[in-house]
Amino acid sequence: MNSYVLLLTLLVSTHCCMAGELELRAKKIQYATQKESLTRDFLAAMSAEMDLLSNSMKLNEFAKLRTHRGRIMLGLDSPEKLLSDSSIQLSPEFHTATKLYVAESKKLTDDLRELYESELKGLIGGSNIPRAEELREETIAFSQGRYSPTPFEFLRKKPYDAVRIVSEKRMLSPLFSTTIPDELELEHHERRFRIHGQCRHDYYKIAGKQCGHFGKMIILDTGNSRNLKMTGFLLMSTLSREGQYAIAYSKGSSYERVCSLQDLKMNTIYEWSIERKEGNFLIEIFEDGNVVRSETFPRISGASFGFYATVRYRNTSSDMIVAFDY
């Protein structure tokens, strides 16, 4: 093959690769946008169904549907399981809405998986081995449900952010920073985050000082609206003295704990609420509709709230899922 033909082959290959990347990105944005719209409609339909049960004084069924909502939002159950629960008499309208959500979600997933596999097939055997390996890992993670494209990846103004933290200095840094060691894995699926894993560092020197208790924090965009209310669900499946869970406020590169979650029960679904009232923030944690934790904190200009998990000693673990239901 002469040099001209070789150059032309490389140019065509590069062009096809770039076109494939652009197509995949566009498909991921479409998936994220449409799945968020489907989820919003499904949750609105579920809220209407819960109101219907509550107004009809069917409190046992209301409580069961609330539990299903939490388990679905936390990724513990699927809407299909809700449809198969014979102990709840769903209205025809909500039954139809749930079946539509399941069918449309499956179609979105199948379409994106097909494109992933097509793009991966085109890269295998090519010269861009690192990209092929990266795409292979992403394809497997998507197929196994460990990854799904979300608006978080593509929006300039994000509804929430994720950072590294070190508790002993009350310090945070961006995920890409190396100032704080990268402890605990972070997974993001639609409206939920999972922070989990084992500690790899007993200590790490930061600004000349040995520090411990490393982890991750999910920071919410509390915005500037006067009447703000955020709600969601929370579950911790690993509890120990060496791990910490809490709600904190963050400002700049520092944060302060405002509500400890340390003595909550393991593998129990909690609801949470952060509401701005009369210049203060009211933080509440609920179990089965009952308040089990309540903290009031004065509003601080430029500060936001977040959930965090940390680990202290090598091989100790943390595992927390936070879902946003608003």
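Values computed for the structure shown
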quantity	calculated
Any chance THR231 is hydroxyl-bearing (Ser, Thr, Tyr), surrounded by fewer than 17 Cβ atoms within 10 Å (Cβ to Cβ) and in contact with a Phe, Trp or Tyr (Cβ under 9 Å, 6 or more places away or on another chain)	yes
Residue satisfying all of: in segment 291-313; part of a loop (DSSP other than H, G, I, E, B) and either touching a strand residue (DSSP E or B) at 6+ places or on another chain (Cβ under 8 Å) or not assigned by TED's automatic domain parsing to the domain that holds THR238 (or both); farthest from MET266 (Cα to Cα) among these	GLY302
Residue list for segment 158-178, restricted to those being among the small types (Gly, Ala, Ser) and more than 12 Å from GLY306 (Cα to Cα)	SER167, SER173, SER177
From ILE180, ILE165, ILE140, residue being among the β-branched types (Val, Ile, Thr), more than 15 Å from the chain's Cα centre (by Cα), at negative phi and not assigned by TED's automatic domain parsing to the domain that holds LEU264	ILE140
Scope segment 73-88; condition assigned to a loop (DSSP other than H, G, I, E, B) and acidic (Asp, Glu); matching residues	ASP77, ASP85
Any hit, segment 153-176, residues being surrounded by fewer than 16 Cβ atoms within 10 Å (Cβ to Cβ), assigned to a strand (DSSP E or B), without any contact (Cβ under 8 Å) to a residue 24 or more places away in the chain and charged (D, E, K, R)	no
Qualifying residue in segment 85-106 (condition: crowded, with 17+ Cβ neighbours inside 10 Å, modelled with pLDDT of 90 or more, farther than 19 Å from ALA45 by Cα and under 25 Å from the mean Cα position of the chain (by Cα))	no
Test: residue in segment 262-272 that is surrounded by 19 or more Cβ atoms within 10 Å (Cβ to Cβ) and modelled with pLDDT under 90	no
Some residue of segment 109-117 being at pLDDT 90 or above and closer than 28 Å to LYS64 by Cβ	yes
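The values are calculated or read from the model by the stated rules, or taken from the named source; none is laboratory data. What you see is a predicted model; the values in this text were computed from it and never measured. Virtual Cβ from ideal backbone geometry, glycine too; neighbours counted across all protein chains shown.
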